[in-house]
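The next block holds one structure in the form of structure tokens; read it before the comments.
Read-outs: derived from the displayed coordinates by stated rules, not from any lab. Since this is a predicted model, take the numbers as computed values, not measurements. Heads up, the Cβs are rebuilt from the backbone with ideal geometry, glycines too, and the neighbour counts pull from every protein chain shown.
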Amino acid sequence: NAGVTQTPKFQVLKTGQSMTLQCAQDMNHEYMSWYRQDPGMGLRLIHYSVGAGITDQGEVPNGYNVSRSTTEDFPLRLLSAAPSQTSVYFCASSYEAPGLAGDNEQFFGPGTRLTVL
Amino acid sequence: GIQVEQSPPDLILQEGANSTLRCNFSDSVNNLQWFHQNPWGQLINLFYIPSGTKQNGRLSATTVATERYSLLYISSSQTTDSGVYFCAVEGQGFSFIFGKGTRLLVKP
């Protein structure tokens with residue numbers, strides 16, 4: 001298993017540009033999520049999905065869109081990048097969603113370092 | 001919502017020393033995990049430990065769910081243990097909440 005994969009590893013955007021961060025997992029996990037990590041802070045939840053076709057907002061959703069058309073993929077879209085979105089982005093997945101009984105151990109991808117100028 | 005507090009925020013050790021990191025959480029949880037973020041930014045799963053005690057080599061963890069805290073023990077620390085250690089628990093809805101981490105530096 002490749003686990004959780006993310007592309008690209010690094011990206012530089014200009015203000016106003018759009019882009020999609022890719023996330024895929026091959027563990028047949030139902031739950032997938034996106035986090036951002038800023039200096040000196042823990043990870044903050046942007047959006048999550050409890051299964052294909054179902055998404056919801058996390059703590060810091062503004063400026064980001066997601067969709068989940070397949071179990072494997074969970075892309076994160078920045079429609080109009082802003083300097084405040086400069087951050088490291090992590091994707092994660094688990095078999096069950098946090099808070100549910102069962103296997104909800106979270107596995108993280110390697111991250112995407114995004115700079116918005 | 002649930003609060004997660006980690007202590008100490010920073011820790012400097014000499015190689016070979018032992019340490020204890022603490023994670024307090026404000027409500028009962030079904031999921032608690034410890035992660036190590038290495039200097040390259042990678043998040044590495046250490047323990048999935050909503051209750052009880054687990055050991056993996058020089059690392060061990062104990063969660064006392066009834067008292068809402070978890071401890072991560074590092075014995076005979078090595079320079080490769082340096083990085084940031086995060087505790088995380090499930091929050092409201094289907095979210096997963098991280099503490100702010102303990103930054104560990106192990107000196108040779």
Just tell me how shielded B:82-95 is by partners: mean number of partner chain Cβ atoms within 10 Å of each residue's Cβ, no decimals. 5
Relative contact order of chain A, please, whole-number percent, based on alpha carbon pairs below 8 angstrom and at least 6 residues apart. 35
Given charges at Cβ of Lys, Arg, Asp, Glu: chain B dipole, positive-most of B:Phe25, B:Ala88, B:Leu72: B:Leu72
Other chains' Cβ within 10 Å of B:101-107 residues: what's the mean? 1
Total charge of the residues flanking B:Gln6 in space, meaning their Cβ is under 9 Å from its Cβ, with Lys and Arg +1 and Asp and Glu -1, is +1
Please compute the average number of Cβ atoms from other chains found within 10 Å of each residue's Cβ in peptide A:38-45. 5
Given B:30-36, A:67-73, B:17-23, the highest-first ranking by average Cβ count within 10 Å works out to B:30-36, B:17-23, A:67-73
With labels modelled as points extended 7 Å from the Cα through the Cβ direction, what inter-label distance (nm, one decimal) is found for B:Ile2 paired with A:Gln22? 3.3
Along the stretch B:31-36, Karplus-curve 3J(HN,Hα) (6.51, -1.76, 1.60; θ = phi - 60°) to the nearest Hz, with x for Gly and Pro, reads 9, 9, 10, 10, 10, 10
Chain A, Gaussian network, Cα under 10 Å: of A:Pro39, A:Pro61, A:Pro98, the residue fluctuating most is A:Pro39
Once both label points are put 7 Å beyond Cα along the C-beta direction, the B:Tyr48-A:Leu79 separation in nm becomes 3.6
To the nearest 0.05, the calculated FRET efficiency linking A:Ala52 and B:Ser28 through their beta-carbon distance, R0 being 30 Å, is 0.50
Please report the antiparallel percentage of the DSSP beta bridges confined to the protein assembly as shown, to the nearest 5. 90
